[in-house]
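The structure appears below as structure tokens.
The values are calculated or read from the model by the stated rules, or taken from the named source; none is laboratory data. Predicted, not measured: the structure shown is a model, and the values here were computed from it. As a convention, Cβ positions derive from the backbone with ideal geometry for all residues, glycine included, and neighbour counts pool all protein chains shown. Heavy atoms of the whole protein, side chains included, go into the accessibility calculation; ligands, DNA and RNA do not. Shrake-Rupley method; radii C 1.70, N 1.55, O 1.52, S 1.80 Å.
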Amino acid sequence: MEPTAPARALVDTAMTTLGLPGPPKHLIGRKGSDVWQAADQIIKTAVPGARGDLAHETAACALLHDQGRHPGTRHGHGNLGRWLALPRLDGPSLWQVFAPAREGHAIDT
């Protein structure tokens, strides 16, 4: 699903704040929430009224950041919505890691 103009404006705001070059690559979006990749960052955006407005996730990441446990997160919010930037780590995505579980198979840890 193509992101809306407000979602694009929100990721542009995040990228400007973070000083990242553009344009971002849109990875996935649903019901007002989108995920983007820009440089070495994954940026999650949520426009007002979006399913999963990132408030809880942003607060959890901020708490971890304050404790020195997740030092690379940045976030912001305003009239356009809320955004959360996380450093991209090498390796498989969570989607890939848990694919066997979605298919009803046990996973090795």
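Scanning region 28-57 for residues that are open to solvent by 80 Å² or more (accessible area, probe 1.4 Å) and not in a helix (DSSP H, G or I) returns Ile28, Arg30, Lys31, Asp40, Pro48, Gly49, Arg51.
For region 54-90, the set of residues classified as among the hydrophobic types (A, V, I, L, M, F, W, C), touching a helix residue (DSSP H, G or I) at 6+ places or on another chain (Cβ under 9 Å) and under 14 Å from Ile42 (Cα atoms) consists of Trp83, Leu84, Ala85, Leu86, listed by residue number. Among the residues of region 71-93, the ones that are over 22 Å from Ala50 (Cα atoms) and either in contact with a Pro (Cβ under 9 Å, 6 or more places away or on another chain) or surrounded by fewer than 12 Cβ atoms within 10 Å (Cβ to Cβ) (or both) come to 7 in all. Residues that are among the aliphatic types (A, V, I, L, M) and in contact with a Pro (Cβ under 7 Å, 6 or more places away or on another chain) within region 1-47 comprise Val11, Met15, Ala38, Ala39, Ile43, Val47, listed in sequence order. The residue that is nearest to Val11 (Cα to Cα), counting only those in region 29-59 that are free of Cβ contacts under 8 Å to residues at least 12 places away in the same chain and of a type in the set (A, V, I, L, M), is Val35. Can you name the residue in region 68-104 that is among the hydrophobic types (A, V, I, L, M, F, W, C) and part of a loop (DSSP other than H, G, I, E, B) and, of all such residues, is farthest from Ala39 (Cα to Cα)? The qualifying residue farthest from Ala39 (Cα to Cα) is Phe98. Of everything listed in (1) modelled with pLDDT under 85; (2) touching a strand residue (DSSP E or B) at 6+ places or on another chain (Cβ under 9 Å), the single unmet condition for Gly68 is (2). Screening Ala62, Ala5, Ala9 for residues that are in contact (Cβ under 8 Å) with a residue 60 or more places away in the chain, surrounded by fewer than 17 Cβ atoms within 10 Å (Cβ to Cβ) and more than 13 Å from the chain's Cα centre (by Cα) leaves exactly one candidate, Ala9.
Of the residues that make up region 95-108, is at least one on the phi < 0 side of the Ramachandran plot and touching a residue at least 12 places away in the same chain (Cβ under 8 Å)? No, region 95-108 has no match at all.
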